[in-house]
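J.: Pasting a structure here, questions to come.
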Amino acid sequence: MDEPKESGPGVKVLGERPSLDQPELPQRPYEFVMETEVESLEKMHKVARHRKFEIHVDEPAHLKGDDNYPQPLIYVAAGIGA
């Protein structure tokens, strides 16, 4: 198996990325790994760090948060729509 290649801080690539122009499946495994660090702060407030970016999440009061940042699933929905 191929050795992972560093594609930047917190990102590793194993194998060759499949081409969108070739409908057949790749013959070798391909893995793309993104690592992030998550820190729990007060109540439900958390901060995730990846490279130079920080993403803050929180929950509304009925879920014991302060509602100061979007809920985690809002980021998932935004990512799907992007």
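The values are calculated or read from the model by the stated rules, or taken from the named source; none is laboratory data. Just so you know, these numbers come straight off a predicted model, no measurement behind them. A quick note on method: Cβ atoms are made from the backbone with ideal geometry, for glycine too, and the neighbour counts reach across all protein chains shown.
Listed here are the residues, each with its yes/no results for (1) at positive phi; (2) of a type in the set (Val, Ile, Thr); (3) more than 15 Å from the chain's Cα centre (by Cα); (4) surrounded by 12 or more Cβ atoms within 10 Å (Cβ to Cβ).
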| position | (1), (2), (3), (4) |
| --- | --- |
| Val33 | no, yes, no, no |
| Lys52 | no, no, no, no |
| Glu59 | no, no, yes, yes |
| Pro70 | no, no, yes, yes |
| Tyr75 | no, no, no, yes |
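J.: Gly65 - would you say it is over 19 Å from the mean Cα position of the chain (by Cα) and modelled with pLDDT of 95 or more?
T.: When the stated conditions are applied, Gly65 passes them.
J.: Within region 26-82, which residues are over 25 Å from Lys12 (Cβ atoms) and hydrophobic (A, V, I, L, M, F, W, C)?
T.: Scanning region 26-82 gives Leu41, Met44, Ala61, Leu63, Leu73, Ile74, Ala77.
J.: Let me ask something additional. Would you confirm, using the coordinates I've provided, whether Val33 is at pLDDT 95 or above and assigned to a strand (DSSP E or B)?
T.: no
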